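Notes for the one structure printed next.
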Amino acid sequence: PEVIYLKDYQVPSFLIDQTELRFELESERTIVNAKLTMRRNPDCQQKPQGLELHGDKALQLYRITLNEQLLNESDYQRLDEGLQIFTVPDAFVLETQVEIHPDQNTALEGLYRSEGFYCTQCEAEGFRRITFYLDRPDVMSVFSTTIEADKSAYPVMLSNGNPVATGDADNGRHWITWEDPHPKPAYLFALVAGDLKMIEDQYTTSGGRDVALRIYAADKDLDKLDYAMQSLINAMRWDEQVYGREYDLDIYMIVAVDFFNMGAMENKGLNVFNTSCVLASPETTTDAGFQRVEGVVAHEYFHNWSGNRVTCRDWFQLSLKEGFTVFRDAEFSADMNSRTVKRVENVALLRTAQFAEDAGPMAHPILPASFIEISNFYTMTIYEKGAEVVRMIHTLLGAEAFRKGSDLYFSRHDGQAVTTEDFVKAMEDASGRDLTHFRNWYNQAGTPVLAVSDEFDAASQTYRLTISQSCPATPGQDTKAPFHIPVAIGLLDSQGEDLLLSDGEAQITTQVTTQVTTQILELHETRQTFEFSGIAERPVPSLLRGFSAPVKLNYPYTRENLTFLMSHDSDGFNRWEAAQKLGVDILQSLIKDYRNDKKLILDKQLAEAFKVVLADESLDKAMVAKVLTLPSEAYLSELAEEIDVDAIHHVRNFVRHQLAVQLETQLLSTYQACTCDDTYSPDAASIARRALRNVCLGYLLATEKQEHLELALAQFHEANNMTDSQAALNIVVHSGYQKAAEVILEQFYLRWSHEPLVVNQWLSVQASNPQAGTLSQVKALMQHDAFNMRNPNKVRSLIAGFSALNPVNFHALDASGYMFLADQVITLNNLNPQIASRLVTPLTRWKRYNTERQEMMKAQLQRIMDSGELSRDVFEVVSKSLA
Ligand code: B3K
Ligand code: ZN
């Protein structure tokens, strides 16, 4: 397959001013008529004689007319993935008619069927599976879409924009025409048809536009849409208040579908959502599920400006819309819930999944230089690291200048397809700050490592922090230039109070020294020393507050320092971070002991620190829950030089068991204090209470006492919400109470077999079970009615639940986990390449394990490579992993 390079970008030779589509949906096939009003692009230097359109091999071409003249086979040719018309005038109308087969579309890209509905997914390059087109984001067109289908089977037919005409046709069919006044690239096109029901609400924008809000779903899910609606309204208000952005159409629609490759899609005026990101009810949805719905609804809504009004010039710029929009949705969620908890969750995700990606064979900068298949670049790096880069700009500029920058960006580029460079430039122009050096973040992959040391000179009352930065090599980038890194710090005195520091920025611009407790140090060099004067005693530094940059930071904290920071740091994030660091330090040294066959003894400090936290009623329960949760196996793996899966698992369990035994009384009383049978509400305080309660329950079962098993079973049976019942199920199953587990798994399934999203959780609880025998369980579940290889949610729950969330079983030394995954990737390569290529990820990380595992993992990658014709998606990931 061909490699596509950013450096080869060229403006399109032709533009499409108007796109008129007509879909005839029939049971076996769909006919798509496209009428494109086109002209040469005045900005294009070349004047090619002919026109090349994108178009999938599977399009069956019936006819083409150019300015109403029928073309014959000597006027054009089919290309491997397109269509070439040999001669075209400067301006013309091109009409094509093709036949496609949505019912056979298992890749879920283009037009496909999901449980009786028709729906589309066009980003990134799915539109070319619908018709011949200039399927690239810098070709923006006004769309008018007519859909015709059987009236009784497809009473609801939707597309972007506003409905302008509708009528009945012969044979019990009907039609509707939608017009979208906003020019858009084809990737934002959407069509939905089916027997959908909806809930409706209304929103008046600050400028006075009345917007009808509609959320569509299958009839049985109509009672699970209210939370998404409320989230949408909150997001609309928030974007007006925080970014000054208003909605720009009279209708905003969301449709929930069961079969979906990703979470959701921001099609103009017609979002299509995975049911998992829109349906929510207390009985069926966990707290995490509610928060996901809120976040994803907001994310897709925010794309209306950061993505749709201002879109990407080419797919290398993907982080322009994704990084910025993730930053926006994270800030929204932080404002709606607990800011610190949201930050902790984001950072935990970033430094397990994204840092691992940055250290693997697919590592790429947030502005990649090349790709084989763009679908492979919807990554943690583009999204999450991209958001961190925008966050750093926010930190460096301050909220006010950042807002000026975003206003300038939106007004300067409204209606355009632009680049990350345009975004940075707008930020520079609006703030007056020079971000030249900062741009390295866009072009260099890899996670920078900061080494921090300090010295205190009592005589001169001077404290110095020296920060060195380095960044490991990544594929194609052996050496890196230093980054411009904002390092937010505070200094604590021996009482735990913040020292007052001077705000460097204010000092330069106003000559007046303002006093702050958190100072942003700007690191530019490989090594830099920052000096603080007037410091009476050696302070304890609180470094990288709020995780001000996506880096790894090493400073030789003592365990005493860390417990001190845990209770005194004024930065909530860093209080949690201190607990994590303490946990990591203790776990890492025990892992070393375990590998050296030494007896494991748990340092008292951890239990003592946890005891203090458990006793402090003034603390936010959500943060207590986070602090009490030991660093995850995934995080410990990411930090390890060589990942010893079994040692990590064993030692972490050992520590959990020790803590549980030592803190049993406190854990039990906290558990009880957090128990109450209010009606369910997904507000921050209630979520916090349930989170803490379930963390305690997990520890209590780690004591292996029968009475605590009873407690978990009681919770399972009595819970009035999915959070508590699923947590109990998970804890019982994963704690190895096999008999009890079997019983409640069965009960859970019987109770919820009619709710696909709950069944997915049931699959995932079993797939991620660290106990022995899980793989054969997973294989058996693949034959269960509840499973369907064509449904990505099922595949993610069961197969990825095993390969990505169950390290001890996946990495079994008989290679059974590896072989299993390779088998599934080979099957899915034909059915759904995007899902196949995502699934393969755990195998691609082979370099991180010992030689024995490395060889076995590589052998399975090679087996995939040799298995026949690979999709571009799987080929790219597997070949890069073996390179
Ligand atoms: N923009 C979509 C992602 C589409 C991915 C297609 N392979 C969802 C989002 O980020 O909002
Ligand atoms: Zn997005």
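In units of the rule-of-thumb radius 2.2 N^0.38 Å, region 269-309 shows an alpha carbon radius of gyration of 1.27. Return one number: the angle in degrees, 0 to 90 and rounded to the nearest 10, between the long axis of the Cα atoms of helix 816-831 and the longest principal axis of the Cα atoms of the chain. Roughly 20 degrees between the two axes.
Close amide-amide hydrogen proximity is noted between Gly307 and no other residue 5 or more places distant or on a separate chain, at a cut-off under 5 Å (H modeled in the peptide plane; Pro and chain starts excluded). Once backbone amide H atoms are built at 1.01 Å from N, Ser370 has Leu6 as its partners under 5 Å, excluding neighbours fewer than 5 places away on the same chain. Selection among Thr518, Phe355, Asn267 by position relative to the dipole of the chain gives Phe355 as farthest towards the positive end (Cβ unit charges, Cα centre).
Loop-located trypsin sites (Lys or Arg not before Pro) in region 8-58 (DSSP state not H, G, I, E or B) with no more than 12 neighbouring Cβ atoms inside 10 Å: Lys57. Plainly put, region 120-241 has a radius of gyration that is 1.00 times its Kirkwood radius, both from alpha-carbon atoms, as the Rg/Rh ratio.
For the chain, the mean projected area of the C-alpha convex hull, equal to one quarter of the hull surface, is 37.5 nm².
Rounded, prolate or oblate: which fits region 598-663, taking a ≥ b ≥ c as square roots of the Cα gyration tensor eigenvalues, rounded meaning a/c under 1.5, else prolate when a/b beats b/c?
Values: a/c = 2.91, a/b = 1.59, b/c = 1.83.
Since a/c reaches 1.5 but b/c is at least a/b, the shape of region 598-663 is classed as oblate.
What is the dipole size for region 753-883, taken about its Cα centre, with +1 at each Lys and Arg Cβ and -1 at each Asp and Glu Cβ, in debye to the nearest 20?
Values: 13 positive and 10 negative charges, 67 e Å.
Dipole size: approximately 320 debye.
Charge tally for Tyr203 (other residues, Cβ to Cβ under 12 Å; Lys, Arg +1; Asp, Glu -1): -4. Across all directions, the average projected area of the convex hull around the alpha carbons of region 94-159 is 5.2 nm². Its alpha carbons considered, region 753-883 gives a radius of gyration followed by a Dmax of 14.2, 46 Å.
How compact is region 791-838 by the rule of thumb for globular proteins, expressed as Cα Rg over 2.2 N^0.38 Å? Intermediate values should be presented prior to the final figure.
Working: Rg = 10.6 Å, N = 48, 2.2 N^0.38 = 9.6 Å.
Rg over 2.2 N^0.38 Å, computed on Cα atoms: 1.10.
Hydrodynamic estimate: the Kirkwood radius of region 449-556 over Cα pairs, inserted into Stokes-Einstein at 4 °C and 1.567 mPa s, corresponds to D of 87 µm²/s. Putting +1 on Lys and Arg Cβ atoms and -1 on Asp and Glu Cβ atoms, find which of Leu805, Ala767, Phe820 reaches farthest to the positive end of the dipole of region 753-883. The listed residue farthest towards the positive side: Leu805.
Just the projected area, averaged over all directions, of the convex hull on the alpha carbon atoms of region 463-502: how many nm²?
On the way: hull surface 17.8 nm².
Projected area, direction-averaged: 4.4 nm².
Packing here is the average count of other Cβ atoms within 10 Å per residue, and on that basis the peptides 44-53, 147-156, highest first, run 147-156, 44-53.
Just need log10 I(q)/I(0) for region 299-430 at q = 0.10, 0.13, 0.15, 0.16 Å⁻¹, Debye formula, equal scatterers on the alpha-carbon atoms, no solvent, rounded to two decimals. One equal scatterer on each Cα of region 299-430 leads to -0.31, -0.53, -0.72, -0.82.
Applying the Karplus relation 6.51 cos²θ - 1.76 cosθ + 1.60 with θ = phi - 60° to region 70-86 yields 3J(HN,Hα) values of 5, 8, 10, 5, 8, 8, 8, 9, 6, 9, 3, 10, x, 8, 10, 9, 5 Hz, where x marks Gly and Pro. Estimated from helical segments only, the mean residue ellipticity of the chain at 222 nm is -12000 deg cm²/dmol, where each DSSP H run of four or more residues counts as -39500 (n - 2.57). Scanning residues 5 or more positions from Val211 or on other chains, those with amide H under 5 Å from its amide H are Tyr203, Thr204, Thr205, with H placed 1.01 Å from N in the peptide plane.
Restricting the calculation to alpha carbons of region 1-87 gives Rg and Dmax of 15.0, 46 angstrom.
As an equivalent ellipsoid, region 569-680 spans semi-axes of 27, 16, 13 angstrom, where each value is the square root of five times an eigenvalue of the C-alpha gyration tensor, largest first.
Sorting the Cα pairs of region 497-636 by distance into bins of 5 Å, from 0 upward, gives 2, 8, 15, 18, 18, 14, 11, 8, 4, 2, 1, 0, 0 percent per bin.
Normalising the average separation of contacting C-alpha pairs (under 8 angstrom, six or more residues apart) by the number of residues puts the relative contact order of the chain at 8 percent. Magnitude of the charge dipole for region 449-556, about its Cα centre and with charges confined to Cβ atoms of Lys, Arg (+1) and Asp, Glu (-1), is about 380 debye. Modelled spin labels at Asp8 and Gln69, positioned 7 Å past Cα toward Cβ, are 3.3 nm from each other. Shape summary of region 45-149, radius of gyration then Dmax from alpha carbon positions: 14.7, 48 Å.
Read-outs throughout are calculated quantities, based only on the coordinates presented, and are distinct from any laboratory measurement. This structure is a prediction, so every number in the text was calculated from the model and none was measured. So basically every Cβ, Gly included, is an ideal-geometry build from the backbone, and we count neighbours across all protein chains shown.
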